[in-house]
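Enquirer: Next up is a structure, given as structure tokens.
The values are calculated or read from the model by the stated rules, or taken from the named source; none is laboratory data. Everything quoted here is computed from the prediction, not taken from an experiment. Here the Cβ positions follow ideal geometry from the backbone for every residue, glycine too, while neighbour counts run over all protein chains shown.
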Amino acid sequence: MSTVLGYKPWPREDEALENLDARWRTMDLFEEYIQVLTLAAPPVEELGEPGASGELARRANDEIAEIVAAHPDRFVGFAAALPMGDPEAAATELERAMGELGALGAQLHTNVAGRPLDDEHFAPVLSAADGAGAALWIHPTRSPIWSGYPVESRSRYGIWWSLGWPCETSVCMARLVYSGVMDRYHNVSFLTHHAGATVPHFSGRLASPIEDENRESILVGLAEDPITYFHRFCADTAMFGASHAVRCAIEFFGPEHVLFGTDMPLGGPKVVGDTIAEIEAGGLGADTLEQIFWGNALRVLHPKVGPMPPSASRT
């Protein structure tokens with residue numbers, strides 16, 4: 001197992017992470033509730049060397065595809081896991097997962113062993129995603145050894161997760177914009193976790209990259225104003241009951257770019273009910289609610305099924 005960045009297997013906080021009967025018990029509390037499956041943390045490339053993580057990704061995708069096929073009334077599809085430690089292998093696995101297994105896209109993490117996604121090293125993966133018109137779920141990742149201060153060796157109070165992960169997502173989004181990735185791979189739909197993190201709240205600070213010696217060259221390298229690209233990201237609604245943050249995301253990205261998501265099973269049934277309630281309490285019209293609950297998922301993810309019910313979700 002890789003220990004370079006301090007990752008460990010995700011704690012089994014909820015039985016539904018590995019037990020379908022436990023998952024059904026939560027899902028059955030909500031009428032017509034279906035899901036898109038993704039793997040929980042950590043990234044597969046942190047669980048072994050490239051060859052081993054490649055095999056883990058293939059096995060995981062095969063098994064999830066079987067689960068989705070066996071329970072079409074529960075799952076509308078899945079996002080593939082990719083062995084990002086080997087970008088060529090990851091590109092091949094993305095093509096296999098989408099072409100043979102029916103994956104709706106793939107889940108990437110905000111960094112790969114500390115390397116940003118806009119690094120040219122990952123061009124094979126982004127090119128494959130662009131060619132397939134794939135959706136790419138962007139999930140934050142950092143561990144407790146990402147301390148809040150240089151004088152400390154570890155993060156305290158769980159800040160590496162509670163605030164560090166939104167920071168990770170926001171930094172990743174900014175890098176994808178300023179580096180021109182969204183110009184080069186315009187057929188990719190980037191889906192950001194936790195309502196687009198801090199971007200909607202600090203969008204005024206992101207309209208232009210402030211880097212004295214390179215600012216003009218950065219802007220010249222983009223086809224449009226930076227803020228235009230930030231508006232093109234999709235965001236989910238997994239904010240753990242922070243209804244004001246969900247409203248901010250809907251206002252910034254537009255209701256056509258917001259997809260219902262809850263982070264289930266982490267947090268148990270409450271997180272699903274809270275998310276539904278905060279969306280429904282937002283004063284949105286029926287058509288907008290329909291967009292967020294299932295219409296946008298149909299348009300962005302292209303699942304090979306008929307119309308999804310109003311509570312279609314990703315985990």
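Enquirer: Considering only residues that are among the hydrophobic types (A, V, I, L, M, F, W, C) and either loosely packed, with under 11 Cβ neighbours inside 10 Å or under 29 Å from Asp263 (Cα atoms) (or both), look in segment 208-222 and name the one that is modelled with the highest pLDDT.
Expert: Among those that are among the hydrophobic types (A, V, I, L, M, F, W, C) and either loosely packed, with under 11 Cβ neighbours inside 10 Å or under 29 Å from Asp263 (Cα atoms) (or both), it is Val220.
Enquirer: Take the conditions of a type in the set (Asp, Glu) and under 20 Å from the mean Cα position of the chain (by Cα) and apply them to Glu66. Does it pass?
Expert: It is false that Glu66 is of a type in the set (Asp, Glu) and under 20 Å from the mean Cα position of the chain (by Cα).
Enquirer: So, one more: Of the numbered conditions (1) surrounded by 15 or more Cβ atoms within 10 Å (Cβ to Cβ); (2) over 22 Å from Ala40 (Cα atoms), Ala281 fails exactly one; give the number of that condition.
Expert: (1)
Enquirer: Of the residues Ala57, Ala41, which single one is small (Gly, Ala, Ser) and touching a residue at least 60 places away in the same chain (Cβ under 8 Å)?
Expert: Every option except Ala41 fails the conditions.
Enquirer: Can you tell me which residues in segment 169-206 are surrounded by 17 or more Cβ atoms within 10 Å (Cβ to Cβ) and at positive phi?
Expert: Residues satisfying the conditions are His194, Ala195, Gly196, Ala197.
Enquirer: Scan segment 242-261 and tell me whether some residue there is out of contact with any Phe, Trp or Tyr (no Cβ under 6 Å at 6 or more places or on another chain), at pLDDT 85 or above, surrounded by fewer than 20 Cβ atoms within 10 Å (Cβ to Cβ) and of a type in the set (Ser, Thr, Tyr).
Expert: Among the residues of segment 242-261, at least one is out of contact with any Phe, Trp or Tyr (no Cβ under 6 Å at 6 or more places or on another chain), at pLDDT 85 or above, surrounded by fewer than 20 Cβ atoms within 10 Å (Cβ to Cβ) and of a type in the set (Ser, Thr, Tyr), which makes the answer yes.
Enquirer: Being at pLDDT 95 or above, surrounded by fewer than 17 Cβ atoms within 10 Å (Cβ to Cβ) and assigned to a helix (DSSP H, G or I) is true for just one of Ala123, Ala65, Ala129. Which residue is that?
Expert: One residue alone meets the criteria, Ala123.
Enquirer: Specify which of the listed residues (Trp137, Trp160) is touching a residue at least 60 places away in the same chain (Cβ under 8 Å), surrounded by 20 or more Cβ atoms within 10 Å (Cβ to Cβ) and of a type in the set (Phe, Trp, Tyr).
Expert: Answer to the check: Trp137.
Enquirer: Let me ask another. What single numbered condition from (1) of a type outside the set (A, V, I, L, M, F, W, C); (2) on the phi < 0 side of the Ramachandran plot; (3) surrounded by fewer than 17 Cβ atoms within 10 Å (Cβ to Cβ) fails to hold for Ser53?
Expert: So Ser53 meets the others, but not (3).
Enquirer: Take Arg142 and decide whether it is in contact with a Phe, Trp or Tyr (Cβ under 6 Å, 6 or more places away or on another chain) and either of a type in the set (Asp, Glu) or not in a helix (DSSP H, G or I) (or both).
Expert: yes
Enquirer: Still on this structure, please answer the following. Please specify each residue of segment 264-308 satisfying the condition of being under 22 Å from Leu39 (Cα atoms), touching a Lys or Arg at 6+ places or on another chain (Cβ under 9 Å) and in a helix (DSSP H, G or I).
Expert: Correct list: Pro269, Ala297, Leu301.
Enquirer: Something else: Where residues in segment 14-24 are at pLDDT 90 or above and touching a helix residue (DSSP H, G or I) at 6+ places or on another chain (Cβ under 8 Å), which of them is farthest from Leu82 (Cα to Cα)?
Expert: Ala22
Matching residues to (1) touching a Ser or Thr at 6+ places or on another chain (Cβ under 6 Å); (2) in a loop (DSSP other than H, G, I, E, B); (3) at pLDDT 95 or above; (4) surrounded by fewer than 19 Cβ atoms within 10 Å (Cβ to Cβ):
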{"position": "Ser2", "(1), (2), (3), (4)": "no, yes, no, yes"}
{"position": "Arg12", "(1), (2), (3), (4)": "no, yes, no, yes"}
{"position": "Tyr33", "(1), (2), (3), (4)": "yes, yes, no, no"}
{"position": "Arg58", "(1), (2), (3), (4)": "no, no, yes, no"}
{"position": "Glu93", "(1), (2), (3), (4)": "no, no, yes, no"}
{"position": "Met98", "(1), (2), (3), (4)": "no, no, yes, no"}
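Enquirer: All but one of (1) without any contact (Cβ under 8 Å) to a residue 40 or more places away in the chain; (2) surrounded by fewer than 17 Cβ atoms within 10 Å (Cβ to Cβ); (3) under 30 Å from Pro303 (Cα atoms); (4) touching a Ser or Thr at 6+ places or on another chain (Cβ under 9 Å) hold for Pro166, so report the exception by its number.
Expert: (2)
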